[in-house]
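To start, the structure under review is shown below, and the notes come after it.
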Amino acid sequence: MKLDHNSDKPLHIQAEEILRRLIESEEYKNGKLFPNEVELSEQLHISRNTLRQAINKLVRSEERRVGKE
């Protein structure tokens, strides 16, 4: 998992995309637990606040998706 710190795309958006891919991967669909917030932020080389932005955006998008069903 690596983010491009030189990209024009904000880090929280890049992190959101990585988290979404992980969530959809077979490894996590089969019940593997996600690393905690500290571990994830260290793995992605971003602050916990940036990681929280990504997580919150994922949660909001999922709430909107579920609300439409």
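The values are calculated or read from the model by the stated rules, or taken from the named source; none is laboratory data. Bear in mind the structure is a predicted one, so any value in this text is a computation, not a measurement. Virtual Cβ from ideal backbone geometry, glycine too; neighbours counted across all protein chains shown. Ligands, DNA and RNA are stripped out before the accessible areas are found, and what is left, the full protein with its side chains, is counted by its heavy atoms. Shrake-Rupley method; radii C 1.70, N 1.55, O 1.52, S 1.80 Å.
Anything in the range 1-22 that is open to solvent by 30 Å² or more (accessible area, probe 1.4 Å) and either free of Cβ contacts under 8 Å to residues at least 24 places away in the same chain or outside any helix (DSSP H, G or I) (or both)? List them, or say none.
Within the range 1-22, the first condition is being open to solvent by 30 Å² or more (accessible area, probe 1.4 Å), and the residues that meet it are 1-2, 4-13, 17, 20-22.
Residues satisfying the conditions are Met1, Lys2, Asp4, His5, Asn6, Ser7, Asp8, Lys9, Pro10, Glu17, Arg21, Leu22.
Among the residues of the range 19-39, count how many are among the hydrophobic types (A, V, I, L, M, F, W, C) and modelled with pLDDT of 95 or more. Lay out the reasoning, then the answer.
From the range 19-39, those among the hydrophobic types (A, V, I, L, M, F, W, C) are 19, 22-23, 33-34, 38; that's our starting set.
Retained after the next criterion (residues that are modelled with pLDDT of 95 or more): 38.
Qualifying residue count for the region: 1.
Pick from the range 41-57 the residues that are without any contact (Cβ under 8 Å) to a residue 12 or more places away in the chain and in a helix (DSSP H, G or I): which of them is surrounded by the most Cβ atoms within 10 Å (Cβ to Cβ)? First the steps, then the outcome.
The initial filter retains those residues of the range 41-57 that are without any contact (Cβ under 8 Å) to a residue 12 or more places away in the chain, namely 41-42, 47-49, 56.
Those still in the list that are in a helix (DSSP H, G or I) too: 41-42, 48-49, 56.
Numbers: Ser41: 19, Glu42: 13, Arg48: 13, Asn49: 9, Asn56: 12.
Among residues in the range 41-57 that are without any contact (Cβ under 8 Å) to a residue 12 or more places away in the chain and in a helix (DSSP H, G or I), the one surrounded by the most Cβ atoms within 10 Å (Cβ to Cβ) is Ser41.
Go through the range 48-69 residue by residue and tally those that are modelled with pLDDT of 70 or more and either touching a Cys at 6+ places or on another chain (Cβ under 8 Å) or small (Gly, Ala, Ser) (or both).
Taking the range 48-69 first, the residues modelled with pLDDT of 70 or more are 48-62.
If we keep only those that are either touching a Cys at 6+ places or on another chain (Cβ under 8 Å) or small (Gly, Ala, Ser) (or both) too, we end up with 54, 61.
Within the range 48-69, residues that are modelled with pLDDT of 70 or more and either touching a Cys at 6+ places or on another chain (Cβ under 8 Å) or small (Gly, Ala, Ser) (or both) number 2.
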Filter pass, Glu27 being touching a Lys or Arg at 6+ places or on another chain (Cβ under 6 Å) and assigned to a helix (DSSP H, G or I): no
